[in-house]
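The next block holds one structure in the form of structure tokens; read it before the comments.
The values are calculated or read from the model by the stated rules, or taken from the named source; none is laboratory data. The structure displayed is predicted, hence computed values, not measured ones. Here the Cβ positions follow ideal geometry from the backbone for every residue, glycine too, while neighbour counts run over all protein chains shown.
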Amino acid sequence: GPLVRLEPPSFDFGPVPQGEILRFEIAVHNDGSEPLQIRRIDSDCFCTVADAPDSLILPGASTRLKAALETRSFSGRILKHLFLMTNDPAAPKAALPLRADIRPRVAVRPATVHFGHVPIGETRAETVTIKAAADDALRVVGLDFPKEIFALRLEESSEGDSTLHRLRIELRPGAPSGPFRVTGHIDTDHPLSPRISLLVTGQLHGRFVVDPTAVSFGQVGEGTTRSESIRLLANGPSAGGPPRASCSLPFLRSEVLPLPGGRDYEVRVTLLPEAPSGRLSGALVIETDDPRQPRIELEVRGSVRAKRR
């Protein structure tokens, strides 16, 4: 029968500036004993085939295929594929891996801002740099971050470098207590990076630090019971009574268990067998006697896999 072989079997373009079009060419060989038919060409990327190859390749023959990969929408290490649908029974969907390290024209460092654990009422600031490639002027035209949590200050380079800006992100003293994991946005006038996302995480705490900051069940089979826990770690001397916990969904049960020493607690959340199949999205609410931290709300997530009928 037909036997498809791609030469080369893969491409690694290495470091590439964002926005470049990567042009490449491959040979499609038929190493089989019957004609090879290319039925369709697909991709999981912005790939275009410049030259449609001969759709029928005789045994021992080959054809050449020219294509291009558009990098405008990518950054970082990428792995994409070009697919050839053929009548080769052993490889009906022959894949050509395409690797590249796309260097963004505008880079934000660090890529994620971690504030860590911050006592309520205190303030803390982190600075990120926004840097364009050497030959690109850059202007920041907008900032979109939760105003109730952060105060922002944008600073241009003191060295007169038009490609460099610094963004100071400060936690407001009156920001809501509890964990936060938010995505802010930096809008620029750069055509390849008009909007840059920046993940900011941390936890504003009073009496208790929460660990972890969400309850995740992962994937659970329908009709089964599973428990997951978070810990409330006392910050400083213990004061007040034990915390109280409740869940927003009727098929979740919560209980508060003191840990050895009496200062810290475990909050155990149990998924009951009557949970319906599908995506699980709810909240765990913890109430404390700390006036600075009267309520802590954590995400409860997971999915319930339906039984086979």
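Check Leu98 against each of (1) in the same structural domain as Ser162 (by TED's automatic domain parsing); (2) touching a strand residue (DSSP E or B) at 6+ places or on another chain (Cβ under 6 Å) and name the one condition it does not meet.
With (1) in the same structural domain as Ser162 (by TED's automatic domain parsing); (2) touching a strand residue (DSSP E or B) at 6+ places or on another chain (Cβ under 6 Å) applied to Leu98, the lone miss is (1).
When you go through (1) surrounded by 14 or more Cβ atoms within 10 Å (Cβ to Cβ); (2) touching a residue at least 60 places away in the same chain (Cβ under 8 Å); (3) over 21 Å from Leu249 (Cα atoms); (4) not hydroxyl-bearing (Ser, Thr, Tyr) one by one for Val220, which number turns out not to apply?
(3)
Hey, does region 20-30 have a residue that's of a type in the set (A, V, I, L, M), closer than 28 Å to Ser193 by Cβ and within 30 Å of the chain's Cα centre (by Cα)?
yes
Residue check: is Arg253 assigned by TED's automatic domain parsing to the domain that holds Val220, at pLDDT 95 or above, surrounded by 15 or more Cβ atoms within 10 Å (Cβ to Cβ) and in contact with a Ser or Thr (Cβ under 6 Å, 6 or more places away or on another chain)?
Yes: the conditions hold for Arg253.
Could you grab me the full set of residues in region 62-92 that are exposed (fewer than 14 other Cβ atoms within 10 Å of the Cβ), free of Cβ contacts under 8 Å to residues at least 40 places away in the same chain and either in contact with a helix residue (DSSP H, G or I) (Cβ under 9 Å, 6 or more places away or on another chain) or more than 25 Å from Val16 (Cα to Cα) (or both)?
If the condition is that a residue be exposed (fewer than 14 other Cβ atoms within 10 Å of the Cβ), free of Cβ contacts under 8 Å to residues at least 40 places away in the same chain and either in contact with a helix residue (DSSP H, G or I) (Cβ under 9 Å, 6 or more places away or on another chain) or more than 25 Å from Val16 (Cα to Cα) (or both), then Pro92 is the only one that fits.
Conditions: (1) under 12 Å from Val200 (Cβ atoms); (2) at pLDDT below 95; (3) surrounded by fewer than 12 Cβ atoms within 10 Å (Cβ to Cβ). Ala111 meets all but one. Number of the miss?
(3)
So which pairs qualify, if the first residue must be in region 132-146 and over 17 Å from Ser75 (Cβ atoms), the second must be small (Gly, Ala, Ser), the Cβ gap must be under 8 Å, and the two must be at least 6 apart or on different chains?
Here the result reads Ala137/Ser162; Leu143/Gly184; Asp144/Gly184; Phe145/Gly184; Pro146/Gly184, each pair linking region 132-146 to a residue that is small (Gly, Ala, Ser).
Among the residues of region 279-309 satisfying the criterion of being part of a loop (DSSP other than H, G, I, E, B), charged (D, E, K, R) and loosely packed, with under 13 Cβ neighbours inside 10 Å, which is nearest to the chain's Cα centre (by Cα)?
Among those that are part of a loop (DSSP other than H, G, I, E, B), charged (D, E, K, R) and loosely packed, with under 13 Cβ neighbours inside 10 Å, it is Lys307.
For region 243-278, enumerate the residues that are of a type in the set (A, V, I, L, M), out of contact with any Lys or Arg (no Cβ under 8 Å at 6 or more places or on another chain) and in a loop (DSSP other than H, G, I, E, B).
Once the filter is applied, which keeps residues that are of a type in the set (A, V, I, L, M), out of contact with any Lys or Arg (no Cβ under 8 Å at 6 or more places or on another chain) and in a loop (DSSP other than H, G, I, E, B), region 243-278 yields Leu249, Ala275.
Tell me yes or no: at least one residue of region 160-167 is part of a strand (DSSP E or B), out of contact with any Asp or Glu (no Cβ under 7 Å at 6 or more places or on another chain), within 30 Å of Gly241 (Cα to Cα) and outside the structural domain of Arg263 (by TED's automatic domain parsing).
No, that holds for no residue.
State all residues of region 223-236 that are crowded, with 16+ Cβ neighbours inside 10 Å and either touching a helix residue (DSSP H, G or I) at 6+ places or on another chain (Cβ under 7 Å) or charged (D, E, K, R) (or both); if no residue qualifies, say none.
Selection gives Arg226, Glu228.
Could you list, in sequence order, the residues of region 107-124 that are hydroxyl-bearing (Ser, Thr, Tyr) and in a loop (DSSP other than H, G, I, E, B)?
Once the filter is applied, which keeps residues that are hydroxyl-bearing (Ser, Thr, Tyr) and in a loop (DSSP other than H, G, I, E, B), region 107-124 yields only Thr123.
Can we say Glu25 is modelled with pLDDT of 90 or more, of a type in the set (Asp, Glu) and not in a loop (DSSP other than H, G, I, E, B)?
Answer is yes for this residue.
Taking region 177-208, which residues are closer than 18 Å to Glu126 by Cα and either assigned to a loop (DSSP other than H, G, I, E, B) or free of Cβ contacts under 8 Å to residues at least 60 places away in the same chain (or both)?
Passing the criteria: Phe180, Arg181, Val182, Thr183, Gly184, His185, Ser197.
The conditions are (1) in the same structural domain as Asn235 (by TED's automatic domain parsing); (2) surrounded by fewer than 18 Cβ atoms within 10 Å (Cβ to Cβ), and Val215 fails exactly one of them. Which is it?
Looking at each condition in turn, Val215 falls short on (2).
Pull up region 95-106, narrow it to residues that are crowded, with 19+ Cβ neighbours inside 10 Å and in a strand (DSSP E or B), then point me to the one that is farthest from the chain's Cα centre (by Cα). Explain how you work it out, then say what you get.
Taking region 95-106 and keeping what is crowded, with 19+ Cβ neighbours inside 10 Å, we get 96, 98, 100, 102, 104-106.
Right, trim to in a strand (DSSP E or B) and you get 96, 98, 100, 102, 106.
Numbers: Leu96: 25, Leu98: 21, Ala100: 19, Ile102: 17, Val106: 19 Å.
Ranking the qualifying residues of region 95-106, first place goes to Leu96.
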